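Asks: Take this structure first; my questions come after.
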Amino acid sequence: MTKKRKVSNQSPASVGNAIAEDAQPSLRSGTKLTLKAGEAVALTGPASVQVEMGTAWLAGKVLVAGASLSVDSDAKYGGPLHIEALPDQQQVPLATTGMVKLTLAGRHGNAAAEKEPEGLSYKMQMLSSAQMAPRRYSQPWLQAAEDVVRAVRQGGCPAVAVVGSKGVGKSTLSRLLVNSLLEATPVVAYLDTDCGQSEITVPGLVSLTLLEKPVFGPPHLHMQQPTRSHFIGDLSPQGNPLHYLASVRSLCDWYWNHCGRKQQGSTVKPPLVVNTHGWIKGLGFEVLAQVLESLSPSHVMQLTTPNPNNNLPPDRWWLPEGLPPQQGDPLLYQLPSVGALQQDMGVDPSGAAFGWALRQPPSEQRALQWLAFARQCMGQPCSPCSWDLPAFAAAADALAAHPPYKVPLSHFQVVFHHARIADGQVLQALNGAVVALTKPAEKPEAGGEGVDQAAVASAPSVCLGIGIVRSVDPAKQLLYILTPIAPLHELQQATRLEVGNLDLPLALLQTANFMCPYISVWSITADGTGAGAMKARNTLLRHRLKPSG
């Protein structure tokens, strides 16, 4: 992390009207700032924020005087967090009056702080109202979030689905909706159906999580154990769409049947926010339509791009064709994508003045999630982690040294989702694999009428957590498993091991001291494990096809 930018070195033009009351803060006292309405401070890294006076706004979260909050952000993945001063009696950052006093403090004992000369775990940048303008959420996004919050305050239970193609900002909008809804209700249900770029869990799962705290930053900063999840075992529904749809429908059913709290003699369900996958062509379109049909959302937030070929149809495309509009049909919002907002404002998103992080390759984001998972296996909390080999090497060495659980192979029913393995080769196939520890779905109460026994038997198993088979003992038929599942009695409920197409990053599988089995290095020009299928690179312009002249 680079050295923290000092407020005292900034000119009035770059700082705007913001006042730094402590130009050289200490870790104990923190940095005291005064902001006028519309001005903001951009934070990168872990920090504690306390509002001394006025009202501030952070990605849907309203911070009033006396409120404190711990935040994490990543400059490369997700960009800095912008804490903006709100005018008096306002809930959205639009007016031009008001004043806010903040105190920022670093994290004691944080690894990032040890690298900073001043001992701080964060860096900050003051932003004037003009500088903050291109960094704000768009007015259509804020209005859509306000409509959903109003529905909750009027006693409703909205189910909001966020849809669109890849890279349009579905996760960003979903976080804004969650944080905004938490201002009106103590709990928000978050249904993550994007198994390739999960928000709460590692990749390869669909999950339902009951959130009580706001969510900031990229996924690897706030991974947690979901309330309920199912193992897909792949980064896309394409490999087994029927299993994927059954898993999503199971989570929808569980939400409607089990989520709720008693209030004045009745059961009140939390609002539901659904993040969907970005596969919207061909079979992916049909799968997405069936997800929405199973969900029956009250609001659909559809993100659009300037390219019509990358957009979903503008009407209610998931409903049966020819069905006339009816009262109670979901409200459909056509919202601009993050890229469309940048284009409309004429701002180069690669420029440093924009303040949003560049979209990084999904493979890198997944690798950081696996790095955060590795740290969770060792009992460490999620924290900012950089994309560098030393961080992965340290985690790999720690994984190899961490005490695993020793479990007999006979304790589990082993299920391979995408391959057939001979009985005599199960241990070899499990060695070094990423596995899901699952249990069968709960059976309905005895005597229930209308229970489809075939559906119960084929219901997807409940995922208790993810593990890594660190090693095996063929002579004793033992597995040595690393997993963050806690407490122990939950782990003991697992009766199945499920294996999919998930692989750890190569940097977590080998170090100077340890080597994962079945890895061949320096044999191909890209990362790879074992004899995995090589992907065709049809986007490359071959030498014989290059235009002449």
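Asks: Any chance you could run the full-extension gain for Asn309 through Phe285? It's 0.36 nm times the residue separation minus the Cα-Cα distance, nm to one decimal.
Replies: Gain on extension, Asn309 to Phe285, equals 7.3 nm.
Asks: Leu332 to Ala419: extension gain in nm, 0.36 nm per residue of separation minus the Cα-Cα distance?
Replies: 27.2 nm
Asks: What full-extension length gain, to one decimal in nm, is calculated for Gln380 and Gln225 as 0.36 nm per residue of separation minus the Cα-Cα distance?
Replies: Result for the pair: 54.4 nm of gain on full extension.
Asks: Still on this model: Which percent of Cα pairs goes in each bin when the distances of region 163-222 are cut into 10 angstrom slices starting at zero?
Replies: 23, 57, 20, 0
Asks: How much FRET efficiency would the formula 1/(1 + (r/R0)^6) give for Gln428 and Ala398, where r is the Cβ-Cβ distance and R0 is 22 Å, rounded to 0.05?
Replies: The computed FRET efficiency comes out at 0.30.
Asks: Rounded to the nearest 0.05, what FRET efficiency is calculated for His411 and Arg150 with R0 set to 56 Å and r the Cβ-Cβ distance?
Replies: 0.65
Asks: Hey, any idea what % of region 172-244's accessible area is carbon plus sulfur with a 1.4 Å probe?
Replies: Carbon plus sulfur share of accessible area: 48 percent.
Asks: What does the charge count near Glu84 come to, summing +1 for each Lys or Arg and -1 for each Asp or Glu among other residues with Cβ under 13 Å from its Cβ?
Replies: In short, +3.
Asks: If we count every other residue with Cβ under 14 angstrom of Ser128's Cβ, Lys/Arg +1 and Asp/Glu -1, where does the sum land?
Replies: Net charge in that neighbourhood comes out at +1.
Asks: Where does region 174-262 land on the Kirkwood hydrodynamic radius, alpha-carbon pairs, in angstrom?
Replies: 13.5 Å
Asks: Can you tell me which of 308-314, 390-396 comes out highest on packing, and rank the rest after it, using the mean Cβ neighbours within 10 Å?
Replies: Per-residue Cβ counts within 10 Å, averaged per peptide and sorted highest first, yield 390-396, 308-314.
Asks: So for each of 207-214, 37-44 I average, over its residues, the number of other beta carbons within 10 Å; can you give me the resulting order with the highest mean first?
Replies: Sorting 207-214, 37-44 by mean packing, highest first, produces 37-44, 207-214.
The values are calculated or read from the model by the stated rules, or taken from the named source; none is laboratory data. Predicted, not measured: the structure shown is a model, and the values here were computed from it. Because the Cβ atoms are built from the backbone with ideal geometry, glycine has one as well, and the counts that use them run over all protein chains shown. Side chains are part of the model used for accessible areas, which takes the heavy atoms of the whole protein and leaves out ligands, DNA and RNA. Shrake-Rupley method; radii C 1.70, N 1.55, O 1.52, S 1.80 Å.
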